[in-house]
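Just below is one structure, and these are the notes that go with it.
The values are calculated or read from the model by the stated rules, or taken from the named source; none is laboratory data. None of the values given here were measured: they were computed from a predicted structure. With ideal geometry, Cβ positions are generated from the backbone for all residues, glycine too; neighbour counts draw on all protein chains shown.
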Amino acid sequence: MAKRDYYEVLGVERGASEAELKKAYRRLAMKHHPDRNPDDKASEDLFKDANEAYEVLSDASKRAAYDQYGHAGVDPSMGGAGGAGFGGANFSDIFGDVFSDFFGGAGGRGGQRGGAQRGSDLRYTLELDLEEAVRGTTVNIRVPTLVNCKVCEGSGAKKGTSPVTCTTCGGIGQVRMQQGFFSVQQTCPRCHGSGKMITDPCGSCHGHGRVEEHKTLSVKVPPGVDTGDRIRLSGEGEAGAMGGPAGDLYVVVNVREHAIFQRDGKHLYCEVPISFADAALGGELEVPTLDGRVKLKIPEGTQTGKLFRLRGKGVAPVRGGGAGDLMCRVAVETPVSLDRRQRELLEEFRRTLQGDTRHSPKASGWFEGVKRFFGDV
Ligand SMILES: [Zn+2]
Ligand SMILES: [Zn+2]
């Protein structure tokens, strides 16, 4: 589906000023915010579109790239995350791998010269059992995070005082330095671009405006997730600096190894031991599935390693589509601890095989190969 034009999404002219963009975005974000429109997919989409459009258009360099090249000019993997701190949105999404290079370097993204900075995105690894991953679950996680200091409400300044205009840059956040013929603009070393300085720092956060805290979040894991899948909790990352929006929290799924099943995408594999007699005569086995045991008919003459497919007994993928299959690999088990009677029966059986290759389809071919290898045919 073709992406809508970002200006169209926000309902502004192409030449719109920063203030006009912000105003339009705020209006849309308020209107379509998921907290106000619970379970309304259309609103959620409009909210996300507005976020994405604003994220790009509010950034001068991204906007220039977009104006020149359209959607191809802005990296889609960076879209859709801006302004998420709005009222603590908490809706989740499953993403593909487009976000893989996303962690860590995102701090300050969307930060504007001399002002608010978006908080960093955080990553949390969530260990799940296979059953939880297949069926979906809700888990509470405890995450460390930087939150706005309650004492100074994030300003960093002692209660009753407020930050004053930086005397080095005069509040612009940038300073000009003369280097030979060139005049270079740099972030103000004193206020680090905020344009404000704190003369009387808050005692609780030592002027940072943010303090580390733990918070407990409830994460809804949809059925079918696999190792590497990510769930985004919008606005649950680190708090922004100077009143900027919070980052996002990415919950990354890691599915633990299972005692019986190995998973490969939507298919499950398991090994089922069968007796030598069942393999030879045929029989019925009980095999495990995630929904309990089922019966599996084994034809006579089954060799070890043979795969039996149980359709639809695998995993229904989180991104849709039918459930995969369960593949049972049979392993013929050599009987041990034979008693006298069993031993006699087997010895008698062995005598019946002697010199008759019809009963050993693998061995006869194998011995032929060995003969050819040594050239003594
Ligand atoms: Zn300054
Ligand atoms: Zn404080």
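Here residue 327 clears all of (1) surrounded by 13 or more Cβ atoms within 10 Å (Cβ to Cβ); (2) modelled with pLDDT of 95 or more; (3) closer than 15 Å to residue 279 by Cα except the condition numbered (3).
If only residues of the stretch 163-197 that are of a type in the set (S, T, N, Q) and at pLDDT below 85 are counted, the one that is farthest from ligand 1 (Cβ to nearest atom) is 179.
Just one of 101, 129, 93 is modelled with pLDDT under 80 and within 30 Å of residue 290 (Cα to Cα); which is it?
On the way: 101 fails: within 30 Å of residue 290 (Cα to Cα); 129 fails: modelled with pLDDT under 80.
93 is the lone residue from the list that is modelled with pLDDT under 80 and within 30 Å of residue 290 (Cα to Cα).
Here residue 154 clears all of (1) modelled with pLDDT under 85; (2) on the phi < 0 side of the Ramachandran plot; (3) more than 16 Å from ligand 1 (Cβ to nearest atom) except the condition numbered (2).
Okay, residues lined up against (1) among the small types (Gly, Ala, Ser); (2) over 30 Å from residue 133 (Cα atoms):
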position: 282; (1), (2): yes, yes
position: 294; (1), (2): no, no
position: 297; (1), (2): no, no
position: 311; (1), (2): no, no
position: 339; (1), (2): no, yes
position: 347; (1), (2): no, yes
position: 356; (1), (2): no, yes
position: 361; (1), (2): no, yes
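When 213, 236 are screened for being under 21 Å from residue 121 (Cα atoms) and either modelled with pLDDT under 85 or of a type in the set (Phe, Trp, Tyr) (or both), only 213 passes. Taking the stretch 254-276 as the range and being closer than 25 Å to residue 320 by Cβ and either surrounded by fewer than 16 Cβ atoms within 10 Å (Cβ to Cβ) or out of contact with any Pro (no Cβ under 7 Å at 6 or more places or on another chain) (or both) as the test, the residues that pass are 254, 255, 256, 258, 261, 262, 263, 264, 265, 267, 268, 269.
Residues checked against (1) assigned by the TED database to the domain that holds residue 134; (2) within 25 Å of the chain's Cα centre (by Cα); (3) touching a residue at least 12 places away in the same chain (Cβ under 8 Å):
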{"residue": "267", "(1), (2), (3)": "no, yes, yes"}
{"residue": "270", "(1), (2), (3)": "no, no, yes"}
{"residue": "293", "(1), (2), (3)": "no, no, no"}
{"residue": "299", "(1), (2), (3)": "no, no, yes"}
{"residue": "305", "(1), (2), (3)": "no, no, yes"}
{"residue": "310", "(1), (2), (3)": "no, no, yes"}
{"residue": "325", "(1), (2), (3)": "no, yes, yes"}
{"residue": "346", "(1), (2), (3)": "no, no, no"}
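The number of residues in the stretch 135-192 that are touching a strand residue (DSSP E or B) at 6+ places or on another chain (Cβ under 8 Å), among the small types (Gly, Ala, Ser) and loosely packed, with under 11 Cβ neighbours inside 10 Å comes to 1.
Considering only residues that are under 37 Å from the mean Cα position of the chain (by Cα) and farther than 9 Å from residue 166 by Cα, look in the stretch 190-201 and name the one that is nearest to ligand 2 (Cβ to nearest atom). Once the filter is applied, the top-ranked residue is 192.
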